[in-house]
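These notes are about the structure you will find just below.
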Amino acid sequence: MLMDAWIWRQCGKPYDKDAQWASEGKVLLPLLQNMLSDPWFALPAPKSTGREYFNYGWLERHLARFQGLRPQDVQATLAELTAVTIAEQVLLSGGCERLLVCGGGACNPLLMARLAALLPGTEVSTTGCGWYQRR
């Protein structure tokens, strides 16, 4: 959601095809740490959310504390935020042998690679990209 919202606002594209744009950037650790400090991430499982919380306004509030950020770096940082928060929840729940990723993120090679790196010993695979592949 956040990666798509960012690239839409910056480039007018619905998503970052093959993570091309994020791959041009680098993870901004201060921004990542700032976003990870959001209280939602500290809530105990089970939990669920969506665009009602994690939307462009949420992102703007976190970006407002930083100046002169390259848009590609923000995209790379959002990909890392996604990977880190998923991996953290998997590990907190005791880990797993296989993680099935679905939706648009399953078509994002950077996200899939980061999940595999953050979850050694876990097979990270996709259920398929569905209609995302056809876009």
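The values are calculated or read from the model by the stated rules, or taken from the named source; none is laboratory data. These figures come from a predicted structure and were not determined experimentally. When we count neighbours, we look across all protein chains shown, and the Cβ atoms used for this are built from the backbone with ideal geometry, even at glycine.
Annotations
- Elements of type helices (runs of 4 or more DSSP H) contained in the range 49-135, each with 2 or more residues being under 18 Å from Ser23 (Cβ atoms) and at pLDDT 95 or above: 71-92, 109-118
- Scope the range 56-68; condition over 14 Å from Leu81 (Cβ atoms) and in contact (Cβ under 8 Å) with a residue 40 or more places away in the chain; matching residues: Tyr56
- A search for C-beta distances below 9 Å between a residue of the range 24-52 that is farther than 19 Å from Arg114 by Cα and any residue that is charged (D, E, K, R) and in a loop (DSSP other than H, G, I, E, B), counting only pairs 6+ apart in sequence or on different chains, returns Asn34/Arg65; Trp40/Lys47.
- So Ala45, is it of a type in the set (A, V, I, L, M, F, W, C), more than 19 Å from Cys107 (Cα to Cα) and modelled with pLDDT under 95: yes
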